[in-house]
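Laboratory data are not the source of any read-out in this text; all were calculated from the coordinates shown. Remember, it's a predicted structure, so these values are computed and weren't measured experimentally. Don't worry about glycine lacking a Cβ; one is built from the backbone with ideal geometry, like all the others, and counts go over all protein chains shown.
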Amino acid sequence: DAAGSWGRRARGWASCGRLGREGLELESHRVPAGPVSVGPPESDAPAIIEEYTHVRVIPRFLAMEAPQPSVTVAAFDIAKYPVTNREYALFLQSTGHAPPPMWGQRNFDDSAQPVVAVSWFDAVAYCDWLSLDSARRFRLPSEADWECAARGGAAQILYPLGNDPPQSRQHYEP
């Protein structure tokens, strides 16, 4: 069940280093340096336009994503799990930062659940806070970092689970 898996995750953390803050350890995954293609391949444009007609994808904006550029990313660490309410509460208590809009709402208040409705500015402030009193520098991943991490560092595959489009997977739901 979902609640049990969040609880196991919260209890089962293997640390890659204490951050100098009581009760907070992060588990991360090392993503190797290398080239990664950013954005969708040009051949996917018709399917993307069709799938997202309900949000009115404008073909000329999608065309600006092509050709699919290849960039080289340096090796980096990425968190294995989303930031939980418990972890974010430590940040709020320590800094006096304003809580996100959904903070404390019944469906989102379990301490082991991921924090929700955090703005980009809030996330940057959280990363800066994590970096204080730590030998590590924390930051949000770039678009290229996300692409590389989603592909497990492999630039040759098109999707996180291989070269077959997600729609071809047995339990795919748009």
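Mind listing the long-range amide H neighbours of residue 111? Cut-off is under 5 Å, sequence gap 5 or more, other chains count too, H placed in the peptide plane at 1.01 Å from N.
none
Could you calculate the contour length gain from residue 137 to residue 57, that is, 0.36 nm times the residue separation minus the distance between their Cα atoms, to one decimal place in nm? Let's see the in-between values first.
Working: separation 80, 0.36 × 80 = 28.80 nm, distance 3.67 nm.
Once the chain is fully extended between residue 137 and residue 57, it gains 25.1 nm.
At 0.36 nm per residue, minus the direct Cα-Cα distance, what do residue 98 and residue 72 gain on full extension? Give it in nm, one decimal, please. Please report the intermediate quantities before stating the final value.
Values: separation 26, 0.36 × 26 = 9.36 nm, distance 3.65 nm.
Length gained, residue 98 through residue 72: 5.7 nm.
Classify the stretch 21-80 from the C-alpha gyration tensor, please: rounded if a/c falls under 1.5, else prolate or oblate depending on whether a/b exceeds b/c.
On the way: a/c = 4.08, a/b = 1.91, b/c = 2.13.
Oblate, since a/c reaches 1.5 and b/c is not below a/b.
For a quick check: with amide H placed at 1.01 Å from N, whose amide H comes under 5 Å from residue 73's, ignoring anything fewer than 5 positions away on the same chain?
Counting only residues 5 or more places away or on other chains, the set is 34, 36.
Among residues other than residue 57 whose Cβ falls under 14 Å from its Cβ, what is the net charge (Lys/Arg +1, Asp/Glu -1)? Don't jump to the answer; show the numbers that get you there.
Numbers: positive: 56, 60; negative: 44, 50, 51, 65.
Net local charge, residue 57 excluded: -2.
Round to the nearest 0.05 the FRET efficiency obtained for residue 47 and residue 157 when R0 = 30 Å and r is the Cβ-Cβ distance.
Values: r = 17 Å, r/R0 = 0.58.
After rounding, the FRET efficiency stands at 0.95.
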